[in-house]
Each structure stands twice: as structure tokens, then as C-alpha cells.
Amino acid sequence: MMALLKDRLLARGLISNERLAEAVEITRRTHASLPDVLLEHRLVGEEALLEVLAGIYGLEFLRLRDSQVDARAVKAVSAKLASHYGVMPVRLRDNVLTLAVADPLDVSASEDIETNLGFQVERVLACRADIAEGLRRHYGVGAETVERILAESKGDEEPAAVDTAHDLEKMAADTSVVKLVNQLIQEAIQSRATDIHFEVYRDGAILRRRIDGLLYDTSIHESIRLLYPAIISRIKLMSGLNIVERRMPQDGRARVKIGASEYDLRISIVPAQHGEDVVIRILPATMVFDLGQLGFSEPQLKALQKFSETPHGIIFVTGPTGSGKSTTLYACLTRLNTRERKIITIEDPVEYEIRGITQTQVNPKIGLTFAHALRSMLRHDPDVMLVGEVRDRETAEIAIQTAMTGHLVLSSLHTNDAAGAAVRLIDMGIDPYLITSTVLVFAAQRLVRTICPDCRESYESSGKRLFRGRGCRTCNQSGFRGRIAISELLPIAPEIADLILQRAPARQIRAKADELGMATMAQDGWEKVARGVTTAEEVLRVTTL
């Protein structure tokens, strides 16, 4: 068979004689199979190799990611068995079970299923990644671990529903439950999720993940509801929370490592009607913040850089929760972070650690509010200060006083656009003249999803050439991968300052800004649509108020 495989690989032009000779030599030294060597050293693509092997062994090659899977076949084989052998049930007809396998020579799964389940097994070849994705999609993340835990529970109907703290703690530390929680977190991180939502209801539990700003349901084993209390207790143990307390909200932190990367987890637990709901926010332990990579246009980038080099004044970044304000502020700080400057931040919470910067997290329980921390930090002789968010009049007044005494202050506000930021400050009780004498610029932004580069395609619409994502494995069939900012900058020009002093409404300030040539968020978004960065639907989604 090895000679036939070599001949067919060469005949199809999938590998050169030289590289094939190298692969054969490796098989001789390591005693590994030729297909394994070809795949391990990336000498031949897996799909092309499996098509050749399918022809040699008289099997069908199946593009599993594009195929329908029979629910009866999935139900016929346990997740534990399918995961153990790395096979995916595809069809079940007249007692004939079709299995997708990645190795044509491995018949152990077929023999086991035929002996113990009584089916006649028919094999098809499929890529390993497609099989793994099929197992996750149709059985659920960690399904084999759930089945193992329930099988080892010695027949208890609800093994995880015990109500004593001791039992919950013991089960949360059980290797299987630890593995299950690790699988759920690892799978979320690998799918680029920024948040994991655990939700419990009377009839079951739901797991959702936020990817590129949108929530998606995650397939999980239907019996995971039985293990839900143990899963929550394990998460509490990881983050140093009280596993006995189930009536009050709790917040905690944990750090995990996957491969060479570390991640900070921010855990929030709240009591719900049928248990406790958990949200885990996932933050890379280290990040490189670069203004040039956030999506600002060249004029906007130059303006932000100019304002961030001003020795005193305030830069406000505005937008709703989840619009990337913190990332923009961190990027500005990173650019300013030199040995000649003392930089202090006051945040809630500290999202990313930056070496060379003093970072303080507010703690209202002990009276360490934004305003209190801001007063104290002024005694540390800072050059630049970041106030995570201006939420009230007291914090706003102290931030303005800080800017008036020769400091550069960076902060954020919750407003819909740049023009509304000044009105928001006035509504807080800040005198307009203080705003015009300290604020350098209001920068408003939103995040839009960017088209997946692996499946990006062009199409005609109303005579215009636009772009969209077709959907592929890389982007989980969404057509999008990653996000970028669309933004608008409103510098406090004399004409804008006059309107603020007159307490003009936001629409009047916006009209004047348009007259002065300010590019709006929507205009910035349409420019990115024209360049094929994002889609018109995305721009409309985040700019339609």
C-alpha cells in the first residue's frame, strides 16, 4: 500500500520526489506511518491526502463540515465512545451506522461498536479537525466528561444537586469536574470568546459565548444541568469566592494558562430564580496596544496623537458599554508610557496590567471611589492620569481641576456621540466654561465586526462593488472575524466652545461640527464599507439610534 500511496501522490503532483524521499526516510527512522509523517511535517494537505487514501482503500471521502449529520446516528453512539476513538457518527439507516474516521487503518472503533452496540459499521474518511468540530457541535463541549461523571456517580439521580457545602466543594475539586470546567473555558478561549455566560433555568442550563460582540449559543450535553451546582462551585473555588454563599452576588478573579498564553478571568456570580448565573470575562494577561491598529483614520490618528502630547487638558472617549473605550485609552497610555512621565490610573476594574504605570482599582465598599482615589493620587506627582470613567459630578469636577493644574487626564463617558458629551457634563452640573477651558477633544466610537479574510468575497449591489464574508470554518460560518473601531473626533474649536457656553443642545453642536468638516462615525463606517473592511449591515447595526 505504501508504494501505491507514493505513486498516487506523485501522479497527482501533491509532493515532489525529493520531499517524498525525505518523508520515507523519516518513516524508516521513526517507524511512523507515511501518512502520519506527511501530515506532521505538512508535506501534503490532510484533505488531499485523505482523498488519495480513500481511493486506495475503497472508502468515501466526506467533507464533514459541509454534510448533514443524522441525529439518530449521534444518539446511537455515546459521546464518551465517539470522543475516545475520535470518530463522528454520520448516518444510521437499516442498522447500518456510517462513521467518519481520520485513519483508514484504525478499525478499533468499528469493531467495538459492532460488538457492543450491534450495528453494522460503514466507514468514511474525514479530516480530524472536521471530526473534532462535529463532536463539539453535535454532542456539546465536554460531553464525554459529563457522561463519565454521571456514569461514575453510582446511580444517583441528581449527583450534583446535593445541597451541603462540603459535598459541593468535594465534587468541585473532583478531577472530572475540574476537567469539564477547564474544557468549557479552553474551548471558549480558542473560539475567541470575550465572555462566557452560564445560565440556569427550570428545565436545563444554557451556555453562551460572546464573540466579536455578539452572543452565540454553545452546544452542551443535555445532562449538564445535573452538574450545574458543581460547575459553579468549581468556578467559585478557582476565583477565591465563598462556595456556601448563594444568595448574594459575588465577584472574583482567576488566571489560567493555555499553551504559552495566560488569561485573566473576571468572574461575576448573581443569584437567579433557579440557581446562580455566572459571567466569565476573558482578558489576555498581556496585550500590545497600538492606536494605529484600532481602526482610526489617518487624520483621526494624527489628531489623537497631537492631543495626547498636550501637557494638560482632558481627552474624553465616549460610547456605550462594549464600544472599545478602554482599549483606546490604554493605547493612548501605552504611547505616553516613557520613563520621563509618571502615569497613574484609577479603574473599575483594572483590565490590563501595563508595566511602568501605577494602576489602582476602586473599591466602593471601603470608600475608595473614583473621586477619593483621584484626590489622593494627585499627591503622587503624576504627569498623566487615567480616570476609568466619569460617572458623577464629583469625579468630573476633580478631573477638571486636575487638568487645570497642569495634568493630562484621559477618561471615558457614556454618551451616544461626541456632540452629546458636553451636554452630558453640563447635565452633571459642570459649568460650561470649565468644559471649554479644559477639554481638548471628545472622541466617540463603536465597534463593528470585520469581514473574515479567509472567506471574503465581492458582490454587486445597486451598481456598487461591495464585500461580505461567505462563512467558513475559520470564522465559524459567521463571515466575520475580529472587530475594528468606527469613530468621530470633536475638538473643542472656538465655534464649538461658543455653543457649549450657550448650553446649546447636542443637535446644534453636531450641526456646527458637520459645518466645520467633522467626519461622523457613520461616514467613517461607510468609508470602511467601501474599502471592504466591514459590511453596510454592521455599520447600520451600531450607528442606528
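The values are calculated or read from the model by the stated rules, or taken from the named source; none is laboratory data. Bear in mind the structure is a predicted one, so any value in this text is a computation, not a measurement. FYI the Cβ positions are ideal-geometry reconstructions off the backbone, even for glycines, and counts take in every protein chain you see. Protein only, heavy atoms only, side chains kept; ligands, DNA and RNA dropped before computing areas. Shrake-Rupley method; radii C 1.70, N 1.55, O 1.52, S 1.80 Å.
Could you give log10 I(q)/I(0) at q = 0.23, 0.29 Å⁻¹ for region 480-536, computed by the Debye formula over C-alpha point scatterers of equal weight, without solvent?
-0.86, -1.14
Along the principal axes of its C-alpha atoms, what lengths does region 416-465 span, in descending order and rounded to whole Å?
Sorted from largest, the Cα extents of region 416-465 read 52, 25, 18 Å.
Taking a probe of 1.4 Å, how large is the accessible area per residue of the chain, in Å²?
Ligands and nucleic acids excluded, the result is 49 Å² per residue.
Over the chain, calculate the relative contact order: mean separation of alpha carbon pairs under 8 Å at least 6 apart, over the residue count, as a percent.
8
Quick one: Cα convex hull volume of region 311-429, Å³ per residue? List each step's numbers first, then the result.
Details: hull volume 12.4 nm³, N = 119.
It comes to 104 Å³ per residue, whole-number rounded.
Under a Cβ-only charge scheme (Lys and Arg +1, Asp and Glu -1), can you give me the dipole magnitude of region 242-307 about the Cα centre, in debye to the nearest 20?
For region 242-307, the charge dipole is close to 100 debye.
When the Karplus curve 6.51 cos²θ - 1.76 cosθ + 1.60 is applied with θ = phi - 60°, which whole-Hz ³J(HN,Hα) does each residue of region 487-498 get, with x for Gly and Pro?
8, 9, 10, 10, x, 7, 6, x, 5, 6, 4, 4
Going by amide H atoms built from the backbone, whose H comes under 5 Å of the H on CYS127, apart from near neighbours?
The list, which skips near neighbours in sequence, is LEU64.
Which percent of the accessible heavy-atom area of region 196-300 goes to carbon and sulfur, probe 1.4 angstrom?
Percent of accessible area from carbon and sulfur atoms in region 196-300: 49.
Give me the Å³ per residue figure for the convex hull around the C-alpha atoms of the chain.
With only Cα atoms used, the chain gives 214 Å³ per residue.
Could you give the semi-axes, largest first, of the ellipsoid that matches region 209-301, computed as the square roots of 5 times the alpha carbon gyration tensor eigenvalues and rounded to whole Å?
Here the semi-axes work out to 32, 16, 14 Å.
Can you run phi through the Karplus equation (6.51, -1.76, 1.60; θ = phi - 60°) for region 407-417 and list ³J(HN,Hα) in whole Hz, with x for Gly and Pro?
Once θ is set to phi - 60°, the couplings for region 407-417 become 10, 8, 10, 10, 7, 10, 9, 8, 9, 6, 8 Hz.
Cross-link partners among aspartates and glutamates for LYS365, C-alpha distance below 19 Å, same-chain residues fewer than 8 apart left out?
GLU245, ASP251, GLU347, ASP348, GLU389, ASP392, GLU394
With r defined as the distance between the Cβ atoms of ARG255 and ASP94 and R0 fixed at 45 Å, what FRET efficiency is calculated, to the nearest 0.05?
Result of the calculation: an efficiency of 0.30.
If you take the alpha carbon radius of gyration of region 219-270 and divide it by 2.2 N^0.38 Å, what ratio comes out, to two decimals?
1.29
Computed over the Cα atoms of region 236-352, what is the convex hull's projected area averaged over all directions, in nm²? If you can, show how the numbers build up before the last one.
Working: hull surface 41.8 nm².
Computing the convex hull of the Cα atoms and averaging its projections yields 10.4 nm².
Normalised by the residues of region 431-545, what does the relative contact order come to in percent, with Cα pairs under 8 Å and at least six apart?
Relative contact order comes out at 32 percent.
Report relative contact order for region 27-129 in percent, whole number only (criteria: Cα-Cα under 8 Å, sequence separation at least 6). Write out the running numbers ahead of the final one.
On the way: 127 pairs, mean separation 27.4, N = 103.
It rounds to 27 percent for region 27-129.
If you average 1/r across every pair of different Cα atoms in region 359-452 and take the reciprocal, what Kirkwood value do you get, in Å?
The Cα-based Kirkwood calculation yields 14.4 Å.
Using amide H atoms built in the peptide plane, which far-off residues or other-chain residues are under 5 Å from ALA418 H to H?
ALA444
Which lysines, on any chain, are close to LYS80 with Cα under 16 Å apart, when same-chain ones fewer than 8 places away are left out?
Qualifying lysines at Cα under 16 Å: LYS179.
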